[in-house]
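Step one of this worksheet: look at the structure below.
The values are calculated or read from the model by the stated rules, or taken from the named source; none is laboratory data. These figures come from a predicted structure and were not determined experimentally. Counting neighbours? That spans all protein chains shown, and the Cβs are built from the backbone with ideal geometry, glycine included. Please note that ligands, DNA and RNA were not included when accessible areas were found on the heavy atoms of the full protein model with its side chains. Shrake-Rupley method; radii C 1.70, N 1.55, O 1.52, S 1.80 Å.
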Amino acid sequence: MGLGAYIAVSAALFALGIVAILVRRNVLYVLMGIEMILNAANINFVAFNRFNHAAGSQSNLDGRMFAIFVIILAAAEAAVALAIVLNVFHLFNSVKPAEADLLRE
Amino acid sequence: MTAESHFLAFDPAQDFKLLFLAFVLPLVGYVIQISVGKRLPRQGDWLLTSGLFATASITVLMFAKSLWAAYHGLEFRHHSGDEAGLWFHWFYSSDELANGVANVSAAIFYDPLGAAMLMVVGVVSFCVHLFSIGYMHGTPRYHIFFANISLFTFAMLGLVLSDNLLFLFIFWELMGLMSYLLIGHFSHDPSSGYFHKWATKACKKAFLTTRVGDTCLLVGMVIFFWKFETFRFTELWRLSIEEIARHQSMHPGEYPLWMTVGGLFIFGGTIGKSAQFPLHIWLPDAMAGPTPVSAMIHAATMVAAGVFLLGRCYPMFTPDVLDVIAAVGTITAIFAATIGTTAYDLKAVLAWSTISQLGFMVAAIGLGGVVAGLFHMVTHAFFKACLFLSAGSVIHGCHHEQDMRNMGGVRKHMPITFACMLASTIAIAGIPFFSGFYSKDMIILRAWENILGGKFTGASFFAAVGLPLAAACTAFYMFRMIFMTFSDSYRPGTVESNFAHHAGGHDDHGHDEHGHAAHGHDHHGHDDHGHAGHGHADHGHAHHEHGHAAPAHAHAASAHGHEAHGHDAHGHDSHGEHATPHESPLPMVVALCILAFLGVFGGHFWLADPLHSLKFWEHAHTWFETSVSFQSLYGAQIGDQLAAAVAVDEHAAHLAHIVALSVSLTVASLGILVAWLIYGRGWERSQRVAGQITHSIHALYEVVKGKYFVDEALGTAIVVDMKRKDEPRYEPDASVIGASMHVANLLGWIDRNVVDATVNLVGRIGMSLGKGSATFDRVVIDGAVNGVGLFTQTFGSVVRLFQSGRVQQYATFAVFGGLALAAWLILL
């Protein structure tokens, strides 16, 4: 399996994440979309690291390290985001992003 | 009491202010009258009349001062600018040019001539105002009439007091305007019937005819200004005398040509204004104005202005000009006097008489007799004003009848008027002891002195023969008028006349129908005059069936004075058209008496010693001559030179006295005798005799009756046929006036089509440019500004749609924006 397959999975996952962010009515799904995008990026990191290494360069864990960072970052993000979601639910009594339109002001 | 402190001594500090007050009062009166006159009680006539009374009083006081000065041998020439610092600076450029050409200043110039003239203007104008209260009572535009005669007086006062030619000209023109307005007074009054149409034409004629003369005066004025660079009379006199002396030193016996030309042009002004041949034509038609206006024009203002101008400009005239002046004056005198013998209209007789007397004055000045000419102007002013006002009184009394054939016997009904008129007639005819005799005799004397004193010229010979002839005619037609009007018995409706309908103007349509057709004298209006004595019965009473209603009532009404029968409403009908004449109301009579008194004794005022005047054969040395002489008029130096130019030796002067005296006495008595022979012995008889005479000299009579056809020659004939009722025909055709009208039309065309067109074109171009600029402004500039606003607004309203506050939407835009960017980076 070549690099193209990994990138294709990553791209699909990214696209699904984007779609989830853009169209889901529930903010939790939007968060999930964000996670999907982050994981699409992770797949890219890991895949590129793997195939770069295979091409004969010295052992290099940069891509994998970045992936681990991203996972940590995603966890932190999820915590913050869920806190925001809770506050939004408090404020709007809803978790639908379409109803939280205070940015318009 | 010293001469300086005497109350009759001239005090520059005060008297110039008084003179100025006298001059300005009529103007103030005019302004008040024209603005609020209609709302004043009695339409403000009392206001102006009392104002004029003040003016007249001041002028009389000032005149007394001039006589006092003359009596004490003091010089009486005062200039307000030099003596009291009272100047009116009109154009005043800068200090460097303080004495330069560009400065035009005016001041009051008051000398014996001015004093005499001012007094005449003041007194006569006052009398005319007073008379008008009665005469114009109840006519439309009563207040306007008073305003206008007041301004007329103002103009004449200004003309007399002016110290320079330019301001004289300004007032001269103002007078032209006022004469136009006043002659045309009835043209706004359709109820005045016949006058309504006549006045409309006559005022235009007067204005246009005098305009010809005015233009001449302007040209002459400019010629003198061009050479001498001043308008001031005193300067002009001095420079003229110097110029002549300078020229004579180079070319002995010759005079500067340009001065002759300029002098002739100035005389042109007199020809127009003073109604000299051939521009006299306006004056008889000026009778279309109300009678007080005629008195004003003929005595105090207007025509006197022309003679006054000659007096003011005398030192500027070369002998050649003077010869022309003498000849024109003599022609006018004879010419008008002969026409006067044929007129039937009471006022027309007086009009022709005025022209004739003006001819006397002008001729006198042309002959070097400035004093005689101006003296005659003063005496004439009084008795002519009296004659006109008496005529007005008669016309008023006879219910606006003017044809003398329809009068007769008025003496019994209007004794005061008769007495006044008779006194003035005697004065004008030249009977000793009456004012006219002295002045007229002085003129004839002047002519004979020239001949007998060896200063024989064609003009003076012509004058010496012609003037007595004219004087004879004067005596004849004046007494003809008196006999026709006042003697015998009242004979209303003897001939058809236009004037009778002035009062009852609304019924004149009825007469038209059986006017001419029935009697078939349409176009031979005066042809059959010769036989008129027989013919009266058949066409006389055609339209007067209703005329004799209630004569008794009329008599009673007239006995109670004028107000009693309601002239207000033109109410003559109430007592019939031909009720007995009645004496005029009090103001009119008073005015008449004042003037008659002055007319009789006007000559005596000038005489140093009242007893002296009895020795009329030695009357030469009069106050007038002491007061008004070459020396007193033009200053000692210039005056001596001028006097030397016309002086004759004692023997010749003595001889001339005798000749002149006998000639003037002969012609006066001859004229009166003939008048009595023809007209003094009953109406029927006079018609027969006159008929025979006119029949035997039929052709000549027709020429004279037709006023020598000067009107026709000049192309301005207003044909007024006494027997016709249709409107006066105004026929401008060929020749002088006609040509000038054509020129005026042409100039008018050029004005309209060239000058105006250019102006309009420029205007249009400016307007289209302006419009273009406005459009640019509106579309481009405003458009840009609005466009920016609109764009911002639109953009904002579009952009606002994107800011929905929805996170997902924003993310959508971000994604698609990123995709688009990526597509752009990849694909391009």
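For this structure, a couple of remarks:
- Reported count of residues in the range A:90-104, each being over 10 Å from A:VAL27 (Cβ atoms), within 7 Å of another protein chain (Cβ to nearest Cβ) and not hydrophobic (A, V, I, L, M, F, W, C), is 2.
- In summary, B:ILE297 fulfils each of the numbered conditions (1) over 23 Å from B:LEU236 (Cα atoms); (2) open to solvent by 10 Å² or more (accessible area, probe 1.4 Å); (3) in a helix (DSSP H, G or I) with the single exception of condition (2).
- Residue within the range A:28-47 that is touching a residue at least 40 places away in the same chain (Cβ under 8 Å), within 14 Å of another protein chain (Cβ to nearest Cβ) and more than 12 Å from the chain's Cα centre (by Cα) present: yes
- B:SER489 vs. criteria among the small types (Gly, Ala, Ser), more than 24 Å from the chain's Cα centre (by Cα) and part of a loop (DSSP other than H, G, I, E, B): yes
- Qualifying residue in the range A:64-79 (condition: open to solvent by less than 100 Å² (accessible area, probe 1.4 Å), within 28 Å of B:PHE802 (Cβ to Cβ) and more than 14 Å from chain B (Cβ to nearest Cβ)): yes
- Any hit, the range B:409-421, residues being crowded, with 23+ Cβ neighbours inside 10 Å, in contact with a helix residue (DSSP H, G or I) (Cβ under 7 Å, 6 or more places away or on another chain) and charged (D, E, K, R): no
- Residue list for the range B:192-213, restricted to those being surrounded by fewer than 23 Cβ atoms within 10 Å (Cβ to Cβ) and modelled with pLDDT under 75: B:HIS196, B:LYS197
- Some residue of the range B:793-800 being modelled with pLDDT under 85 and open to solvent by 80 Å² or more (accessible area, probe 1.4 Å): yes
- B:ALA774 vs. criteria farther than 30 Å from A:PRO97 by Cβ and either surrounded by 10 or more Cβ atoms within 10 Å (Cβ to Cβ) or within 14 Å of chain A (Cβ to nearest Cβ) (or both): yes
- Residue match in the range A:45-56 (condition: open to solvent by 100 Å² or more (accessible area, probe 1.4 Å), more than 24 Å from A:ALA8 (Cβ to Cβ) and not small (Gly, Ala, Ser)): no
- The range B:802-828 residues that are within 10 Å of another protein chain (Cβ to nearest Cβ) and open to solvent by 40 Å² or more (accessible area, probe 1.4 Å), paired with ones that are outside any helix (DSSP H, G or I) and of a type outside the set (S, T, N, Q) (beta carbon under 6 Å, 6 or more apart): B:ARG806/A:ASP101
- Listed by first and then second residue, the pairs linking a residue in the range B:636-660 that is under 21 Å from B:ILE443 (Cβ atoms) to a residue that is among the polar types (S, T, N, Q) and outside any helix (DSSP H, G or I), with Cβ atoms under 8 Å apart and 6 or more places separating them unless they lie on different chains, are B:GLY639/B:SER629; B:ALA643/B:SER629.
- Selection status of B:SER35, within 30 Å of the chain's Cα centre (by Cα), surrounded by fewer than 16 Cβ atoms within 10 Å (Cβ to Cβ) and modelled with pLDDT of 85 or more: no
- Among the criteria (1) without any contact (Cβ under 8 Å) to a residue 60 or more places away in the chain; (2) under 20 Å from B:ALA326 (Cα atoms); (3) not aliphatic (A, V, I, L, M); (4) not in a helix (DSSP H, G or I), the one B:GLY262 does not fulfil is (4).
- Within the range A:16-25, considering residues that are in a helix (DSSP H, G or I) and open to solvent by 50 Å² or more (accessible area, probe 1.4 Å), the one nearest to the other protein chains (Cβ to nearest Cβ): A:VAL23
- B:LEU166 being within 29 Å of B:HIS280 (Cα to Cα) and either among the polar types (S, T, N, Q) or surrounded by fewer than 22 Cβ atoms within 10 Å (Cβ to Cβ) (or both): yes
- Matching residues in the range B:472-485 - criterion: being under 19 Å from B:LYS347 (Cα atoms) and of a type in the set (Gly, Ala, Ser): B:ALA475
- Considering (1) over 22 Å from B:LEU67 (Cβ atoms); (2) at pLDDT below 75, the lone condition that B:TRP623 does not fulfil carries the number (1).
- Total residues in the range B:285-324 satisfying the condition of being over 30 Å from B:GLU254 (Cβ atoms) and in contact with a Leu (Cβ under 6 Å, 6 or more places away or on another chain): the figure is 5.
- Selection status of A:LEU28, exposed (fewer than 15 other Cβ atoms within 10 Å of the Cβ), in a helix (DSSP H, G or I) and modelled with pLDDT under 90: yes
- Residue list for the range B:261-282, filter: open to solvent by less than 20 Å² (accessible area, probe 1.4 Å) and under 30 Å from B:ILE108 (Cα atoms): B:GLY262, B:GLY263, B:ILE266, B:PHE267, B:GLY268, B:GLY269, B:THR270, B:GLY272, B:LYS273, B:SER274, B:ALA275, B:GLN276
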